[in-house]
Amino acid sequence: MNDVIHVHVAEAAQGVAPSLFTTITHSGPVAFLVLLLLVGFSVASWAIIIVKFMAIRTSQNSSVEFLEHFWQSKRLDEIFARTEQSPASPLAQVFRAGYQELVKVKQREAAAAEKGKDQIGGGVENVERALRRAALAEMTELERLIPFLATVGSTAPFIGLFGTVVGIMKSFGEIGAKGSANLATVAPGIAEALIATAAGLLAAIPAVIAFNSFGSRIKVLGAEMESFSSDFMNIVRRHFF
């Protein structure tokens with residue numbers, strides 16, 4: 001801490017404001033570790049933000065294209081073949097699961113009819129369960145890594161505040177040891193301490209904004225999957241059961 005004060009005092013004596021780089025590199029070990037942690041949180045958050053932004057946008061665009069093809073086509077097998085071209089569309093994956101289960105149900109019913117047995121019940125319920133499972137799997141994939149943004153948004157300010165408190169405690173400890181205080185000795189330590197709070201806010205603010213934005217867009221996709229599942233089941237009941 002003495003080295004930090006000497007550096008800042010020397011710069012102040014020369015009429016030069018201490019640079020941010022000098023303040024960070026000459027901070028104490030606890031403050032430096034806090035800054036490293038916050039920088040790591042910020043880098044990880046921005047990586048997740050970029051990845052999820054691209055993934056959600058692709059999912060939305062692919063779902064719009066698939067939905068247009070779904071209502072324009074008159075054959076479910078043609079739509080199923082088209083789903084291979086839309087791997088990023090949650091609606092396409094929900095349809096694939098429902099269609100595959102529908103094919104299995106009709107095959108079991110045909111086999112039972114050939115053997116002279118009664119038709120197996122529960123076919124509609126099986127298709128509905130397949131749609132729900134697929135929608136849940138797609139929602140889980142869409143929400144993957146998103147909770148980390150909420151964690152950063154809620155904890156980063158407190159981590160920064162912890163670094164600030166530690167920095168101020170050290171500054172006042174040094175002032176007490178010297179037995180005197182003036183602006184040249186107080187300002188450097190407080191500046192170092194406040195950098196931790198600023199770093200915490202810089203890490204938290206983008207994470208919170210992205211978390212809320214992604215959450216609303218994922219909610220829309222979830223509603224679209226639910227609506228599509230209802231429409232698909234209406235078609236299945238009308239034409240197959």
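The values are calculated or read from the model by the stated rules, or taken from the named source; none is laboratory data. Note that this is a predicted model, so its numbers are computed, not measured. Reconstructed Cβ throughout: ideal geometry from the backbone, glycine too, with neighbour counts over all protein chains shown.
Look at (1) among the hydroxyl-bearing types (S, T, Y); (2) modelled with pLDDT under 90; (3) under 23 Å from G40 (Cα atoms) and you find that S213 fails only one, number (2).
One line per residue, one yes/no per condition, for (1) at pLDDT 95 or above; (2) over 16 Å from the mean Cα position of the chain (by Cα); (3) of a type in the set (A, V, I, L, M):
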| position | (1), (2), (3) |
| --- | --- |
| V165 | no, yes, yes |
| T185 | no, yes, no |
| A193 | no, yes, yes |
| V208 | yes, no, yes |
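With respect to the stated conditions, G179 fails to be modelled with pLDDT under 95 and surrounded by 16 or more Cβ atoms within 10 Å (Cβ to Cβ).
Which ones in segment 223-234 are within 17 Å of H69 (Cα to Cα) and either without any contact (Cβ under 8 Å) to a residue 24 or more places away in the chain or charged (D, E, K, R) (or both)? Outline the logic, then answer.
Filtering segment 223-234 down to residues within 17 Å of H69 (Cα to Cα) leaves 224-225, 227-229, 231-232.
Answer for segment 223-234, where residues must be within 17 Å of H69 (Cα to Cα) and either without any contact (Cβ under 8 Å) to a residue 24 or more places away in the chain or charged (D, E, K, R) (or both): E224, S227, D231.
Using the structure shown, decide if A223 is surrounded by 13 or more Cβ atoms within 10 Å (Cβ to Cβ), in a helix (DSSP H, G or I) and modelled with pLDDT of 90 or more. First the steps, then the outcome.
Details: surrounded by 13 or more Cβ atoms within 10 Å (Cβ to Cβ): no; in a helix (DSSP H, G or I): yes; modelled with pLDDT of 90 or more: yes.
Judged against the criteria, A223 is not a match.
Within segment 203-218, residues that are of a type in the set (F, W, Y) have Cβ atoms under 7 Å from residues that are assigned to a helix (DSSP H, G or I) in these pairs: F211/I146; F211/L149; F211/A150; F211/G153; F214/K52; F214/I56; F214/I146, counting only partners at least 6 apart in sequence or on another chain. If only residues of segment 210-241 that are more than 13 Å from the chain's Cα centre (by Cα) and of a type in the set (G, A, S) are counted, the one that is farthest from V166 (Cα to Cα) is S230. Being at pLDDT below 95, among the hydroxyl-bearing types (S, T, Y) and more than 31 Å from the chain's Cα centre (by Cα) is true of T25.
Condition check ((1) β-branched (V, I, T); (2) modelled with pLDDT of 90 or more; (3) farther than 19 Å from A135 by Cα; (4) crowded, with 19+ Cβ neighbours inside 10 Å) across all residues:
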| site | (1), (2), (3), (4) |
| --- | --- |
| E65 | no, yes, no, no |
| I79 | yes, yes, no, yes |
| E84 | no, no, no, no |
| F95 | no, yes, no, yes |
| G98 | no, yes, no, yes |
| L102 | no, yes, no, yes |
